[in-house]
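What follows is calculated from the coordinates using simple rules that are stated; it is not laboratory data. These numbers come from a predicted model, not from an experiment. Because the Cβ atoms are built from the backbone with ideal geometry, glycine has one as well, and the counts that use them run over all protein chains shown.
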Amino acid sequence: MAEVKLAAQVRTEFGKGAARRTRRANLVPAVVYGHGAEPVHINLPGHDLMMALKTANVLIGLEIEGKDALVIPKAVQRNPLKGDIEHVDLLTVKRGEKVNVEIAVHVEGELAPGGNLLEYVQNTLLVEAEATHIPESVTVSVAGLDAGDSILAKDIPLPKGSVLAGDEDAVVLQIVAAQAEEPAAEAEGTEA
């Protein structure tokens, strides 16, 4: 995974008014924390941050007042109406350090014939991987699976360098038989 470089400014104003002024200037308030250090409150360029966050579990190289920091997004708050990024929590990581992240589960292949449906019980999988080699997703084959079959977390092949961090017996995908609707009962009797 490529590292995205962003220039950050240290925040000196706090509160709702300051956050609104920051957002009007096309900046996003953020907090960098981790490794027992004091949290650092920063502002990030809004458009560049939005583009970086399009990649799941992106590795971001920050330059904060001449110091470099390597971070991954931990929590992203968005405006519920506009979808704009309002605030980001960033976790400091070090090269070679292992981190727990959720990666997307994608499927490939055709189910067995017969009107079966694929149900995602979980659409992400919790894995432990090196901070600089976080996989974006994992692909699972559902070819030929029939109603009643399921795929557990331990059955999913993980990318090299990743290990399962969640419950290995958790059901991730299951195949269910399609339910046919019963015809609506006709009204009996007529009104006079």
Q: Nearest 5 is fine: what % of DSSP beta bridges in segment 4-93 come out antiparallel, could you say?
A: 70 percent
**Q.** Beta bridge orientation in the chain: antiparallel %, DSSP, nearest 5
**A.** 70 percent
Q | Cut-off 15 Å (backbone N to label point 7 Å along Cα→Cβ of residue 118), residues of segment 155-180 | A | 156-157, 172-177
Q. What shape does the chain take by its C-alpha gyration tensor, where a ≥ b ≥ c are the square roots of the eigenvalues and a/c under 1.5 counts as rounded, a/b above b/c as prolate, and the rest as oblate?
A. oblate
**Q.** Peptides ranked, highest mean first, by Cβ atoms within 10 Å: ranges 61-69, 158-166
**A.** 158-166, 61-69
Q. Hey, with R₀ at 25 Å, roughly what FRET efficiency would residue 147 and residue 56 work out to, going by the Cβ-Cβ distance, to 0.05?
A. 0.20
Q. Counting only residues 5 or more places away or on other chains, whose amide H sits under 5 Å from the amide H of residue 111 once H atoms are built in the peptide plane?
A. 144
Q: Amide H neighbours of residue 170 under 5 Å, at least 5 residues apart or on other chains, H built in the peptide plane: list them.
A: 153, 154
Q | Where labels lie 7 Å past Cα in the beta-carbon direction, separation of residue 110 and residue 41 in nm | A | 5.9 nm
Q: Please find the FRET efficiency linking residue 154 to residue 21, where r is the Cβ-Cβ separation and R0 is fixed at 41 Å, and quote it to the nearest 0.05.
A: 0.25
(Q) Only bridges whose two residues both fall in segment 99-177 count here: according to DSSP, what percent of them are antiparallel, nearest 5? (A) 75 percent
